[in-house]
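Scroll down for the structure; my scribbles are underneath it.
Taken together, the values in this text are just the output of simple stated rules run on the coordinates, not laboratory data. Just so it is clear, the structure is predicted and the values come from calculations on it, not from any experiment. A quick note on method: Cβ atoms are made from the backbone with ideal geometry, for glycine too, and the neighbour counts reach across all protein chains shown.
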Amino acid sequence: MKIVSLAAVLAFLALETSAAMVLIDRIAIIVDEDVIMQSEIDERLRAVKAQLAAQPSANAPTDEALQDQIIERLIVENLQLQTADRAGVRISDDELNQALGGIAQQNNMTLDQFRVALAGDGMSWSQMREQVRREFAISRVQQGIMRRRIQITEQEVRNFLASELGESVTSDDYRLGHILLDLPSNPDPADIRSTRDKAEALLKRLEAGDDFGSLAIEWSGGQNALSGGDMGWRKSAQLPSIFSDLVKNMAVNDVRGPIKSGRGFHLIKLLEKRGAKAEGMIAQTQVRHVLIKPNEIRSDQESQELAKSLRGEVVGGRDFADVAKLYSDDPGSALSGGDLGWSQAGAFVPLFEATMQAAELNEISEVIKTQHGYHFMEVTGRRVEDFSERFKMGQAENYLRNQKFDEELDGWLREIRDEAFVEVKI
């Protein structure tokens with residue numbers, strides 16, 4: 001019997017192992033401190049080709065041309081994601097779930113139906129979540145960088161507001177309901193009188209509380225009749241001239257008419273309004289609070305008991321501000337005696353907001369628990385402020401910022417691409 005040498009056995013095993021090895025993935029590109037895998041390029045290529053297949057073209061690009069474009073796009077995306085990681089950008093599961101729910105809703109699907117549709121397109125749920133997460137992170141980085149790079153001066157804003165374009169951009173928007181009672185061609189006085197009487201009868205029904213949309217569907221001869229007379233959102237300059245002057249002095253739910261034109265008699269209702277005048281008057285609340293958070297050395301129960309004990313001391317006469325400075329776990333307000341300043345609706349989490357809105361002035365609330373911990377609060381003031389001028393300034397600034405956004409973003413992306421270390425290994 002021949003004795004097989006150890007070297008021969010090892011050589012045989014090495015050949016067997018080598019034959020069994022299968023390449024699963026490989027590094028395709030090194031980008032600064034990260035890498036892009038070949039599977040990412042292949043996956044993006046499949047998605048783009050599927051998209052192009054749905055829109056056939058006589059001059060479809062080659063795979064090589066598509067891959068070159070995809071590689072460059074992935075490099076720039078990767079650099080932005082690295083910036084997001086360094087900046088501590090984190091996208092929560094709740095944000096992802098909400099975004100995916102919104103995408104499903106836009107496609108008239110439930111989440112389960114959306115999952116099935118994705119699987120049919122060859123994309124897993126985890127891949128979709130990762131794609132949305134990347135898009136969110138990149139968007140936040142872009143917004144943050146552009147806020148620092150784009151500077152809009154107050155003089156620029158005022159110059160824009162003084163221009164014809166600025167006046168148009170910042171003018172209010174109106175959503176009108178419209179009922180038209182048509183006159184016949186070449187009407188005689190009896191036709192006019194009869195149609196006016198019908199319009200006035202409908203006006204009385206509306207004033208008595210009848211539904212505008214239902215009456216529009218039943219009686220209107222206008223082109224929006226089947227949508228309940230809804231004309232959609234328009235600026236006053238986009239409305240028929242016989243309506244544009246009226247709407248400026250109407251409050252939401254006001255009805256005007258009958259308004260005579262060459263076509264007949266009109267009834268209009270202001271369904272909604274938005275803009276500086278509509279949103280300028282804002283109710284604000286001034287509140288202060290004490291927050292007690294559970295931590296490594298204080299349990300949830302102990303935190304609740306401490307909050308109740310401190311509330312009792314304040315009710316008994318101890319100074320609220322002193323208690324907040326000594327005990328509150330909200331670093332943003334503790335040094336100012338717990339004062340959260342003036343805020344408008346929607347600034348706080350729902351339970352805190354509801355408690356604040358229900359509280360009487362200068363009354364110490366009961367202890368409540370939110371995701372932040374245990375609070376008690378005191379509402380120290382309420383007011384309604386006219387923010388119409390500030391609102392218009394904000395609209396103008398946003399418009400000017402958006403005008404500069406794409407150009408400035410392209411400049412920044414070129415900068416980070418030029419400064420990056422990139423090695424394409426394929």
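General remarks:
- In degrees, nearest ten, helix 38-53 long axis to first principal axis of the chain (Cα): 40 degrees
- Each of T83, N249, V422 was scored by the projection of its Cα onto the charge dipole of the chain, and the greatest displacement toward the positive side belongs to N249; charges sit on the C-beta of Lys, Arg, Asp and Glu.
- Note on K49: aspartates and glutamates with a C-alpha under 13 Å away, same-chain residues under 8 apart excluded, are D63, E64, D121.
- Separation of the alpha carbons by more than 21 angstrom is noted, of K308/K369; K235/K404; K198/K273; K198/K235; K293/K369; K204/K269, for K235/K404; K198/K273; K198/K235.
- Rounded to the nearest 20 debye, dipole of the chain from Cβ charges on Lys, Arg, Asp, Glu: 760 debye
- Ranked list, fewest to most other Cβ atoms within 10 Å of each Cβ, for E135, E43: E135, E43
- Residue order for T285, T370, T83, fewest other beta carbons within 10 angstrom first, comes to T370, T83, T285.
- By definition, a body whose alpha carbon gyration tensor gives a ≥ b ≥ c is oblate when a/c is 1.5 or more and a/b is not larger than b/c, and the range 293-426 fits this oblate description.
- Relative to the longest principal axis of the Cα atoms of the chain, helix 125-149 runs at roughly 70 degrees.
- Look at the dipole of the chain built from charges on Cβ: of G209, I41, G120, the Cα furthest out on the positive end belongs to G209.
- Positive-end residue of N224, L239, F265, charge dipole of the range 172-274 with Cβ unit charges: L239
- In degrees, nearest ten, helix 6-20 long axis to first principal axis of the chain (Cα): 20 degrees
- GNM flexibility winner over the chain from A251, A307, A216 (Cα, springs under 10 Å): A307
- Under 5 Å, built H, 5+ apart or other chain: amide partners of Q284: R383, V384, E385
- By the helix-only formula, in which each DSSP H run with n ≥ 4 contributes -39500 (n - 2.57) and the sum is divided by residues, the chain has a 222 nm mean residue ellipticity of -17000 deg cm²/dmol.
- Nonlocal amide H pairs with G341, under 5 Å, H built at 1.01 Å: V287
- Per-residue Cβ neighbour rank within 10 angstrom, fewest leading, I242, I297: I297, I242
- Charge dipole (Cα centre; +1 on Lys/Arg Cβ, -1 on Asp/Glu Cβ; no other charges) of the range 172-274 amounts to roughly 280 debye.
- Among R73, R234, R390, residue whose mean-square fluctuation peaks in a GNM of the chain (springs only between Cα atoms under 10 Å): R73
- Dipole check for the range 281-386: with +1 at the C-beta of Lys and Arg, -1 at the C-beta of Asp and Glu, and the Cα centre as origin, the magnitude is about 20 Debye.
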